[in-house]
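A short reminder: the numbers here are calculations on the coordinates, not readings from a lab. Bear in mind that the values here come from a model prediction, so they are computed numbers and not experimental data.
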Amino acid sequence: MSDSANKIEYGVERKPPLSKEDVERYNEQGFLVPIRVLSEEKATELCKAVDEYLFEHQETPKFELTDPIRIQRNVDSAGKITFEYEEGENSKPTTFPFLFNLWKRDKRFEEIAKNSVIAGMASQLLGDIPVHLMEDNVIVKNPYAKSVPWHQDYPYWPLATPTVVTIFIALDPVTPENGTMLVVPGSHKRTEETLPVGFGDDKSIMKQDRPNAVEISQNPLQEGLPVVDYGKLDPGQCGAHHALLWHASVPNLTSRPRRVLVLRYAAHGTVWLGNERFPYDEVGLKPGDKIGGEHFPLVQT
Ligand SMILES: O=C(O)CCC(=O)C(=O)O
Ligand SMILES: [Fe+2]
């Protein structure tokens, strides 16, 4: 094998697995950054692929991340409560385009999402167990797009446990000027569940449906909590964060887009709650099933 073939698999560097200290730091802090997972060239190639979906493949569903999240609550004759998204206007993404599960449509994204180096890292961070790909997101913060409010990810997911790690990969340089991530170190260890918030208006939703959940602070610093940022990520570098970590991102104050690829991996054995907890696409699972099947492929055994 040539040296470059040894080093690069699908543009992903074959790095040794995370060290014991890396994993300990993640468990302590709830995040780990920066880690190089793609070559710069691969990140640039993926940026071009993202632009094809934004500007050419008009049939690909796109969302505006900051659109209101409107959830309808249904009660059946037996009193069982389920949730679905309310039909809304189809918005044209402008400031914050969001693309969902490109891995299902495009080999270029599938090979990264299923890459054994990235999935292997997710497995280490989830406690050295097999992992499933849960979903991918491309999040584009266009010039002058606002901040993403403070939130935890788990409140938006139809899962019984927060056994998910997110790998947030810079495709463009991600900087304090164009939308770097802010995190509260250690916040994944707090015991109270927080409510999901609307990304457009920072307001908590599902208050009546999650009586034990609290509103997340939109100003953790003011409450004396530590806030640190991811600083600068070069294209192909990533940060990993826990499903319960409090995080936000700063506005894009530049005239260029900030494109990131977000991969989310769930621990094998994670139980699906479906629309009894939060609306999601049809994935062939019933509440109580373990995550798996074609929509949630096992990517690391
Ligand atoms: O793209 C952003 O700025 C926010 C990302 C985020 O919240 C996440 O990856 O969970
Ligand atoms: Fe998030």
Computed Rg/Rh for the chain (Cα atoms; Rh = Kirkwood radius) stands at 0.94
Distance cut-off 19 Å, Cα to Cα: go down the list 80/203; 62/203; 48/107; 107/290 and report the pairs above it.
80/203; 62/203; 107/290
What do you get for the angle between helix 20-29 and the principal long axis of the chain? Use alpha-carbon atoms, 0 to 90 degrees, nearest ten.
30 degrees
By how many degrees, 0 to 90 and rounded to 10, does the Cα axis of helix 40-55 deviate from the longest principal axis of the chain?
40 degrees
